[in-house]
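Let me begin by presenting the structure, written as structure tokens, before commenting on it.
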Amino acid sequence: MQIARQWTRFDHHVLEGLLGLGVLLAGVFGALVPLLGVTGPLPAADTRMVDIDGRAQVPGSPASGGMVLRGTHHAELALSDPDFGERLLLAGPGIVRSLLIAWVLYTLMRMAQTLRQGDVFVPANTRRLGRVAAGVLLVGTAVPLLDTLTTDGLVGGTPLDPAVRDVYAPSLGAVLLALLVFAAAGAFGHGTRLRADTEGLV
């Protein structure tokens, strides 16, 4: 019969370390590096995947205002020499997504710290679960909306505009996960209050 291994202080440190590493990676490679590409020190992103009208015959289309579409249905929008505004539009959604992910991971790391202290049922963790749910919901809804708006900003008013479809596609998986975490936060808060009431009777 297999005996379950007890959760040790080392396990707490590993969990916190992994979450901290996730915060660092998301912040540096997901936000800082693209931001440096926008401002100039590093090479900037110059492409984005977009949905195009299947009836539009644009594969290998000639450059239009420094832009070209390569592909059908799901095409690559490439800018030959994007200016500052175009670089910001290209990188913006990814930067926002990475900052939200870093925020969610940091919040989870704060919760893991209370686990190491031996008491996770504290009011602060109820609020933190709510923040995690809000962050996941924003990743699944606001970031895709920002991607749609910035794509429209890139191609709007150009000859490529009629070919590119403005498709807002929120992540249903992220929305469902956010709802589950919101529900867990509610249950967690109820358990915390119940425990406090019980301790008050002792």
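Cβ-Cβ contacts under 6 Å between residues 6 or more apart (or on different chains), taken from a first residue in the range 39-50 that is closer than 18 Å to Gly66 by Cβ to a second residue that is modelled with pLDDT under 85 and among the hydrophobic types (A, V, I, L, M, F, W, C), are listed as Val50/Ala75. Scanning the range 142-176 for residues that are under 14 Å from the mean Cα position of the chain (by Cα) and part of a helix (DSSP H, G or I) yields a count of 10. Checking Arg116, Arg131 one by one, the residue that is at pLDDT 85 or above and among the basic types (Lys, Arg) is Arg131 and no other. Evaluation of Met49 against the conditions (1) buried (at least 19 other Cβ atoms within 10 Å of the Cβ); (2) of a type in the set (A, V, I, L, M, F, W, C); (3) at pLDDT 80 or above shows that the sole unmet condition is (1). Restrict the check to the range 100-115 and report whether at least one residue is of a type in the set (Gly, Ala, Ser), without any contact (Cβ under 8 Å) to a residue 12 or more places away in the chain and more than 13 Å from Leu32 (Cα to Cα). Within the range 100-115, none of the residues are of a type in the set (Gly, Ala, Ser), without any contact (Cβ under 8 Å) to a residue 12 or more places away in the chain and more than 13 Å from Leu32 (Cα to Cα). Among the criteria (1) surrounded by fewer than 17 Cβ atoms within 10 Å (Cβ to Cβ); (2) part of a loop (DSSP other than H, G, I, E, B); (3) modelled with pLDDT of 85 or more, the one Gly60 does not fulfil is (3).
Just checking, how many residues over the range 126-142 are farther than 18 Å from Gly20 by Cβ and touching a helix residue (DSSP H, G or I) at 6+ places or on another chain (Cβ under 7 Å)? Result for the range 126-142: 10. Checking each residue in the range 103-141 for being out of contact with any Leu (no Cβ under 8 Å at 6 or more places or on another chain), among the small types (Gly, Ala, Ser) and part of a helix (DSSP H, G or I) picks out Ala124, Gly130, Ala134. Report whether or not Val164 is farther than 26 Å from Thr39 by Cβ, buried (at least 18 other Cβ atoms within 10 Å of the Cβ) and touching a strand residue (DSSP E or B) at 6+ places or on another chain (Cβ under 6 Å). So Val164 passes the test.
The values are calculated or read from the model by the stated rules, or taken from the named source; none is laboratory data. Computed from a predicted model, the values in this text were never measured in an experiment. Please note: Cβ atoms are built from the backbone with ideal geometry, for glycine as well, and neighbour counts cover all protein chains shown.
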